[in-house]
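S.K.: To start, I am sharing the structure in question, which I have written as structure tokens.
Every read-out reported here was derived from the displayed coordinates using simple, explicitly stated rules and does not represent laboratory data. These numbers come from a predicted model, not from an experiment. Cβ: placed from backbone, ideal geometry, glycine included. Neighbour counts: every protein chain shown.
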Amino acid sequence: IIRNRLKVYATRTNARAYLKVQSEFGSFAKYLWSWVDGTPVVHHPRSFSDLPPTTELSDRVSKDLKRRGFTFVGSTIVYSLL
């Protein structure tokens with residue numbers, strides 16, 4: 001159950017923004033892969049504590065998603081998606 005009303009509304013807002021990205025890039029996956037030129041970014045952390053909460057890439061993608069109308073897409077959330 002989502003208790004934050006803004007997050008409930010964000011699902012509709014983000015769905016609309018998602019469809020726009022999908023229309024522009026052909027798919028949301030193509031949009032995400034465009035940030036790394038189709039090449040996977042591989043990290044080799046030695047432990048869970050070595051994983052950063054955000055990266056420079058997740059910061060940039062988060063800002064672009066917000067510019068495209070997405071909400072509740074902070075850098076940490078984007079990093080977990082990437």
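S.K.: Please find, in a Gaussian network model of the chain (springs between Cα atoms separated by less than 10 Å), the residue of L51, L19, L32 whose mean-square fluctuation is greatest.
M.R.: It is L51.
S.K.: Let me ask something else. In segment 5-81, with Lys and Arg counted as +1 and Asp and Glu as -1 at Cβ, which of these residues, L6, F25, V78, has the Cα nearest the positive end of the dipole, that is, farthest along it?
M.R.: L6
S.K.: Under a plain spin-label model, where a point goes 7 Å from the Cα along Cα-to-Cβ, how far apart in nm are W35 and D59?
M.R.: 1.3 nm
S.K.: Also, I was wondering about something else. Could you work out which residue, out of R16, R46, R68, moves most in a Gaussian network model of the chain, that is, has the largest mean-square fluctuation with Cα springs under 10 Å?
M.R.: R46
S.K.: Nearest 20 debye, what's the magnitude of the dipole of the chain about its Cα centre given +1 on Lys and Arg Cβ and -1 on Asp and Glu Cβ?
M.R.: Around 560 debye, computed over the chain.
S.K.: Would you mind telling me which residue in S23, S34, S47 has the biggest mean-square fluctuation in a Gaussian network model of the chain, where springs connect alpha carbons within a distance under 10 angstrom?
M.R.: S47
S.K.: Determine by what factor the alpha-carbon radius of gyration of segment 1-58 differs from 2.2 N^0.38 Å, reporting the quotient.
M.R.: In units of the globular-protein estimate, segment 1-58 measures up at 1.54.
S.K.: Next up: Would you count, across the chain, every pair of lysines whose alpha carbons are under 17 angstrom apart, provided the pair is eight or more residues apart or spans two chains?
M.R.: Final tally of qualifying lysine pairs is 4.
S.K.: I would also like to ask the following. For L81, put the label point 7 Å out on the Cα→Cβ axis and report which residues of segment 16-39 keep their amide N under 13 Å from it.
M.R.: Within reach of a label on L81, which here means backbone N under 13 Å from a point 7 Å along Cα→Cβ, segment 16-39 contributes 16-22, 28-35.
S.K.: Right, something else. Would you mind calculating the relative contact order of the chain from Cα pairs under 8 angstrom and at least 6 residues apart, reporting the percent as a whole number?
M.R.: Relative contact order for the chain comes out at 33 percent.
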